[in-house]
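These notes concern the structure reproduced below.
The values are calculated or read from the model by the stated rules, or taken from the named source; none is laboratory data. In this text the structure is predicted, and so the values were computed from the model without any measurement. FYI the Cβ positions are ideal-geometry reconstructions off the backbone, even for glycines, and counts take in every protein chain you see.
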Amino acid sequence: MKSAGQAIDPAAAKQTIFEYCKKRGALAVGVADLAVLEKIAPAGHRPSDLMPRVKSVISLGVGGQTQGTWQMPAKAMAYSGSTEVRAYKVAYGASFFIEQKFGVPSIYVPPDIDPEGGPRVPFQSLKLHAEIAGIGARSLAGDILLHPDFGFMYYASVFTELELEPDKPMEENPCPAPSCVSMYRSIGRTPCMKFCPAQCLDGEIDDQGRQKIMRYDMAKCAELTQEYEAVPKILAEAVKDEVRTHGAEGLLDPDRKMLWYKVSAGSGAWFAQCFECMRVCPIATKAPASDPILRTEAARAKG
Ligand code: SF4
Ligand code: SF4
């Protein structure tokens, strides 16, 4: 650890932190421009609202699914498709690492919902941090971030009072992929739009093959994917039923019982239970380093 008054080399510190994150499983790490985040994020959700003396926002991404996972049926993929917890663990460890190594206050940014903001408002947009840090670009699939090499990742953030040089957002957006542009020119839709089971994606591609408009019906998507939102309704229906046995029967309905299973024993998650837009996305599934097989092949080819 650096002692008080001992100068920290910001470039060396950044490299040390990036190495720590990558060694523990991050594929991409970047530092977002704090001034840009403070300008774009709404009041109450700016980095300084969570950490008043924050100087740097570090964003990291871990790889999504294994190659084999994409073959699983949707109902099973909901349990094994997500690697977000790994991203959170790396960020959590990095916050401790920075304090220990450099003696500077740091926090793991909770990916959770702000209790004062309702069920769809997070404390911070981890997506915005990653986008400004240059490790993901917004796609036509409801703004899910995509990376040209690593495809679909899960993101986590660390705030620190250590001053680090910010990175820049990506210059090129990998979405839409050339094959998606061809499909759009022929049927007016891209694969993610066509195969979304809730039909909540829509958009336009311009003459240069770039995103023109992205439309995403978040409520429709949430109905299918964010099952925690259904729980209060189910309980309210059960309680208000005049015939008490009916209310109880409602809770014992097999579909509803699955919700209790998911939170108690299954994946432990009631959200993001759908991967269909990413299953058909050529960037998510075929980017050069999007899964462990492709990453190993790429590493071997490099020698
Ligand atoms: S997660 Fe599912 S419902 Fe939501 S946009 Fe993707 S395919 Fe559609
Ligand atoms: S399938 Fe993927 S690359 Fe193609 S338009 Fe949708 S999100 Fe973009």
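Annotations
- The lone criterion from (1) in contact (Cβ under 8 Å) with a residue 60 or more places away in the chain; (2) more than 13 Å from ligand 1 (Cβ to nearest atom) left unmet by Gln208 is number (1).
- Taken over the stretch 199-232, residues that are more than 15 Å from ligand 2 (Cβ to nearest atom) and under 27 Å from the mean Cα position of the chain (by Cα) amount to 15.
- Residue pairs meeting the criteria (Cβ under 8 Å; at least 6 apart or on separate chains; first in contact (Cβ under 8 Å) with a residue 60 or more places away in the chain and within 15 Å of His147 (Cα to Cα), in the stretch 286-299; second of a type in the set (Gly, Ala, Ser) and in a loop (DSSP other than H, G, I, E, B)): Ser290/Gly64; Asp291/Gly64; Leu294/Ala287; Arg295/Ala289
- Residue match in the stretch 170-180 (condition: over 25 Å from Ala298 (Cβ atoms), not acidic (Asp, Glu) and not in a strand (DSSP E or B)): no
- Here Glu38 does not qualify as of a type in the set (Asp, Glu) and in contact (Cβ under 8 Å) with a residue 12 or more places away in the chain.
- Checked across the stretch 29-49, the condition of being assigned by TED's automatic domain parsing to the domain that holds Ser106, crowded, with 17+ Cβ neighbours inside 10 Å and hydroxyl-bearing (Ser, Thr, Tyr) holds for no residue.
- Subset of the stretch 214-234 (residues that are modelled with pLDDT under 80 and in a helix (DSSP H, G or I)): Glu223, Leu224, Thr225, Glu227, Tyr228, Glu229, Ala230, Val231, Pro232, Lys233, Ile234
- Here Met153, Met193 are screened, and the one residue that is closer than 18 Å to Ser125 by Cα and within 16 Å of ligand 1 (Cβ to nearest atom) is Met153.
- Whichever residue in the stretch 95-115 is in a loop (DSSP other than H, G, I, E, B) and free of Cβ contacts under 8 Å to residues at least 60 places away in the same chain and, among such residues, is nearest to Thr160 (Cα to Cα): Pro105
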